[in-house]
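Peer 1: Have a look at this one.
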Amino acid sequence: MLFSSALATVLGLLASPVFAANCTNPSVRREWRTFTTEEKSEWISAVKCLSDLPHNPDLFATVPPSVSSIVPINASGSYYDDFVYVHMDLNTRIHFTGLFLPWHRWYVTVYETALQQKCNYTGVSPYWNWSMDATEFFESPFWSDSDPSSGLGGWGDPSKDYEVQDGAFSTFNLSYPSYHTLRRNFTAQPYLGLAGLDLFPEPALYANTTFTIEKISEGINGFVGDYPKFQQWMEWGEGPHGSVHLIMGGDLGGSCPASAPANCTPGPTFSANEPLFWMHHAMVDKVWYDWQHANESNFWAYVGGANQSFINASFYDEYPSGAAPMLDLDYLMPSDGMFEQATIRDVMNTTDGLLCYIYE
Ligand SMILES: [Cu+2]
C-alpha cells in the first residue's frame, strides 16, 4: 500500500497535468509597496540567506563559452550567485527567443520556491510595478527606504563605482562577473550609447517614457492573439522590459563593475545580481498574465523559435519571438542542473500545470 502510493506520487510528479485539479488555493503575488514592514524584512532576509548558502555543485554550464562569453563557474560563490549564473549561461537562449516569457516565469517561481524551501520564507514573490514610478523615476519614493532590514535602498554612490550605500542590500556580495557589491546607476537615456543596433531606433528616447501606466495598458490591451508581437513590445531594447533594466544601470543594467576583468561582457547576463531583478521579472510576468487574461485568444497564444533573430531589423520584425527551429509547448526548458525542468506548457497557465499563483 505504502509502495503503491509512493509510486502514484512519482507518476504524479512525472505527469505534470495530473496536478491540474490541485491548484484550488493559488498564492497571491502582490506589489512590493503593499507588503508590511515585516513582510519586506522576511523577503529580504530570505534573499540574503540564499546569498549566505554555499555553491550548488549540481550547477553546470550548457552553452559553449565561445557563445556565452562568460567567466567559468566560481565555486566559492553563493547559492544566490548560482541562480545568477544560470541566467548568464543561458542568456542567448532565453532572450529574444521563444523562451523569454515562459523561461523567466519558471525562473521567478523556482527562485520563490528556493526562498521558501532553503530559507524558510513563508511569503510570496513580490512584484515591482515600475509603471507607478515611470514619471519621476529617479526621485520616486521607491528609492527612499533605507531601513537596514526592510528597505531596498536607493541609488549608488558615483564615487564608489555606483555601489549602493543604504538599505538592506548595501553589503550584498556578488561573485559575477567578478567580486563586487550591488550597483545602481540611474541612466535616463540609456540608448544613446547603443545607437546603431536595430533594437534601439530612437537613441535619444528617455527610458522612463516606455513603461508609463498608459503604455502598459496599451500593451495589455493590444496585440490580440499575436504572441510574437506582444513579446516584441515587451522585450525589445526600447520596450518596458529592456528599459527598466537599462534605466537602472549598474547590475540590473548589466554594466561591468570597475573591478571586472577587461574582457567582461556587459549586457543582460549578470543582471539577476540585483535583488530587484526578481520583482522586475514578476512584473513582466504579471503583464504577460494580464495580457493572457485580456482576451480569450491570447491565453494559449504561443509562437516561438529557439534562435535569436536580431541580426537585422526586418528579420527581427518577422520573428520577434525567435527564429527557427520553432519550439512547441512540450519543449523542455533548460535549467543547467540548478532546478527542476519544466515544459513551456507547464507554465502557460499560472493556476494549472506546475504553477499555482495569481496576481493581485
Ligand atoms: Cu533575463
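Peer 1: Determine, from the Cβ-Cβ distance of N120 and I311 and an R0 of 45 Å, the FRET efficiency 1/(1 + (r/R0)^6), rounded to the nearest 0.05.
Peer 2: 0.45
Peer 1: Given a Förster radius of 35 Å and the C-beta distance between D157 and D328 as r, what FRET efficiency does 1/(1 + (r/R0)^6) yield to the nearest 0.05?
Peer 2: On the way: r = 48 Å, r/R0 = 1.38.
Between D157 and D328 the formula returns 0.10.
Peer 1: While we're looking at this one, here's another question. Which of the GluC sites (Glu not before Pro) found in the range 102-183 are in a DSSP loop and have at most 15 neighbouring Cβ atoms, other than their own, within 10 Å?
Peer 2: Values: sites: E112, E136, E139, E163; in loops: E136, E139.
Counting only loop positions with at most 15 other Cβ atoms within 10 Å, the GluC sites (Glu not before Pro) in the range 102-183 are E136, E139.
Peer 1: Let me ask you something else. Set Lys and Arg Cβ to +1 and Asp and Glu Cβ to -1, take the dipole of the chain about its Cα centre, and tell me which of A313, L354, F186 lies farthest positive.
Peer 2: With unit charges placed on the Cβ atoms, the residue in question is L354.
Peer 1: Further question: On the accessible surface of the range 219-360, probed at 1.4 Å, how many percent belong to carbon and sulfur atoms? It would help to have the intermediate numbers written out before the result.
Peer 2: On the way: 2710 of 4910 Å².
Within the range 219-360, the accessible surface is 55 percent carbon and sulfur.
Peer 1: Quick check: pseudo-label points 7 Å beyond the Cα along Cα→Cβ at D58 and T36, how many nm apart are they?
Peer 2: 3.4
Peer 1: So, one more: Using amide H atoms built 1.01 Å from N in the peptide plane, name the residues 5+ places from Y127, or on other chains, whose amide H lies under 5 Å from its own.
Peer 2: Residues meeting the amide H criterion: R30, E31, W32.
Peer 1: OK, next. Dipole size in debye (nearest 20) for the chain around its Cα centre, Lys and Arg Cβ +1, Asp and Glu Cβ -1?
Peer 2: Values: 15 positive and 40 negative charges, 83 e Å.
Computed about the Cα centre, the dipole is about 400 debye.
Peer 1: Going toward the positive end of the dipole of the range 163-322, with +1 on Lys and Arg Cβ and -1 on Asp and Glu Cβ, which of T171, L205, V224 do you reach last?
Peer 2: T171
Peer 1: Under a point-charge model restricted to the Cβ atoms of Lys and Arg (+1) and Asp and Glu (-1), what is the dipole moment magnitude of the range 275-360 relative to its Cα centre, in debye to the nearest 20? Present the calculation step by step, with values, prior to reporting the outcome.
Peer 2: Values: 2 positive and 12 negative charges, 26 e Å.
Using only the charged Cβ atoms, the result is roughly 120 debye.
Peer 1: Given labels modelled 7 Å from the Cα in the Cβ direction, how far is it in nm from L194 to D147?
Peer 2: Spacing of the two 7 Å Cα→Cβ label points: 3.4 nm.
Peer 1: Residue-wise, which Karplus ³J(HN,Hα) couplings in Hz belong to the range 326-339, taking 6.51 cos²θ - 1.76 cosθ + 1.60, θ = phi - 60°, and x for glycine or proline?
Peer 2: 6, 9, 10, 5, 8, 5, 8, 7, x, 9, 6, x, 7, 8
Peer 1: When only C-alpha pairs under 8 Å and at least 6 residues apart count, what is the relative contact order of the chain, in percent?
Peer 2: Answer for the chain is 23 percent.
Peer 1: Among T343, L152, A323, which residue has its Cα positioned farthest towards the positive end of the charge dipole of the chain, with +1 placed on the Cβ of Lys and Arg, -1 on the Cβ of Asp and Glu, and the dipole taken about the Cα centre?
Peer 2: So the residue we want is T343.
Peer 1: Would you work out if the chain is rounded, prolate or oblate? Take a ≥ b ≥ c from the square roots of the eigenvalues of the alpha-carbon gyration tensor; rounded if a/c is under 1.5, else prolate when a/b is larger than b/c, oblate otherwise.
Peer 2: Details: a/c = 1.33, a/b = 1.13, b/c = 1.18.
Judged from the Cα gyration tensor, the chain comes out rounded (a/c under 1.5).
Peer 1: GNM, the chain, Cα, under 10 Å: largest mean-square fluctuation among T269, T109, T135?
Peer 2: Of T269, T109, T135, the Gaussian network model singles out T135 as fluctuating most.
Peer 1: Something else about it: For the chain, with every protein chain kept in place, what is the accessible area per residue (1.4 Å probe, Å²)? List each step's numbers first, then the result.
Peer 2: Numbers: 14960 Å² over 360 residues.
On a per-residue basis, the chain sits at 42 Å².
Peer 1: Could I ask something else about it? Under 1.5 on a/c is rounded, so check that first for the range 16-95, then, if it is not, pick prolate when a/b is larger than b/c and oblate when it is not; a ≥ b ≥ c are the square roots of the alpha carbon gyration tensor eigenvalues. Don't jump to the answer; show the numbers that get you there.
Peer 2: Numbers: a/c = 2.25, a/b = 1.44, b/c = 1.57.
Here the range 16-95 falls in the oblate category.
Peer 1: Number of Lys-Lys pairs in the chain under 30 Å by Cα, sequence gap 8 or more or different chains?
Peer 2: For the chain, qualifying lysine pairs total 12.
Peer 1: Taking chymotrypsin sites (Phe, Trp or Tyr not before Pro) that fall in a DSSP loop and have at most 16 other Cβ atoms within 10 Å as cut points, what is the longest piece of the chain between them? Walk me through the intermediate numbers first.
Peer 2: Values: sites that count: F60, F138, Y179, Y206, W300.
The longest such stretch corresponds to 207-299.
Peer 1: For the range 132-144, take each phi angle, set θ = phi - 60°, evaluate the Karplus expression 6.51 cos²θ - 1.76 cosθ + 1.60, and give the result in whole Hz per residue in order, putting x for glycine and proline.
Peer 2: Karplus values, whole Hz, x for Gly and Pro: 5, 9, 4, 5, 10, 5, 5, 8, 4, x, 3, 8, 10.
Peer 1: Can you give me the C-alpha center-to-center distance between the range 121-161 and the range 207-221, rounded to a whole angstrom?
Peer 2: 20
Peer 1: Treating the beta-carbon of each Lys and Arg as +1 and of each Asp and Glu as -1, no other charges, what is the dipole magnitude of the range 142-218 about its Cα centre, to the nearest 20 debye? If you can, show how the numbers build up before the last one.
Peer 2: On the way: 4 positive and 10 negative charges, 34 e Å.
That gives the range 142-218 a dipole magnitude of about 160 debye.
Peer 1: What ³J(HN,Hα) values, in whole Hz, does the Karplus curve 6.51 cos²θ - 1.76 cosθ + 1.60 give for the range 314-319 when θ = phi - 60°, with x put for Gly and Pro?
Peer 2: Running phi through 6.51 cos²θ - 1.76 cosθ + 1.60 with θ = phi - 60° gives 6, 5, 4, 5, 6, 10 Hz.
The values are calculated or read from the model by the stated rules, or taken from the named source; none is laboratory data. Just so we're clear, the structure is a prediction, and the values are computed from it rather than from any experiment. Cβ sites come from the backbone with ideal geometry, for glycine too, and all protein chains shown count toward neighbours. Ligands, DNA and RNA are excluded from the accessible area calculation, which covers all protein heavy atoms including side chains. Shrake-Rupley method; radii C 1.70, N 1.55, O 1.52, S 1.80 Å.
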